[in-house]
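Take a look at the structure below.
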């Protein structure tokens with residue numbers, strides 16, 4: 001299935017807005033009912049409930065999280081969503097500036113059926129610690 005790049009850009013813009021809304025449920029709405037996300041080869045979060053739990057975890061750690069979509073690339077039903085988020089870690093009060101990406105496989109309804117997310121976890125931990 002080939003996806004219209006304009007539609008993907010609309011999805012990316014709305015997904016970014018969902019993250020910036022602070023609503024885990026708004027983020028989960030972009031996923032298929034049986035969708036899943038894996039971050040840095042960790043354990044997957046499955047279904048809308050699991051995806052909302054993942055997002056809630058990020059909001060607990062970085063309550064003022066602000067996401068920017070840096071770029072989007074498309075190939076068939078595969079999308080790469082490059083992002084940067086900034087914010088303040090809730091425990092240490094240290095500023096964060098983290099870049100990464102998600103690789104999406106979209107279904108025929110343009111919902112994310114699989115996402116593989118990546119960011120530099122060592123840099124994240126360094127910034128949390130204030131290094």
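Just so you know, all these numbers are worked out from the coordinates, no wet-lab data involved. Treat the numbers as computed from the prediction; the structure is a model and nothing was measured. A quick note on method: Cβ atoms are made from the backbone with ideal geometry, for glycine too, and the neighbour counts reach across all protein chains shown.
Yes or no: residue 11 surrounded by 17 or more Cβ atoms within 10 Å (Cβ to Cβ), within 12 Å of the chain's Cα centre (by Cα) and part of a helix (DSSP H, G or I)?
no
Restricting attention to region 34-44, report how many residues are more than 15 Å from residue 103 (Cα to Cα) and either in contact (Cβ under 8 Å) with a residue 12 or more places away in the chain or buried (at least 18 other Cβ atoms within 10 Å of the Cβ) (or both).
1
Only one of these conditions is not met by residue 66: (1) closer than 22 Å to residue 11 by Cβ; (2) crowded, with 17+ Cβ neighbours inside 10 Å. Which number is it?
(2)
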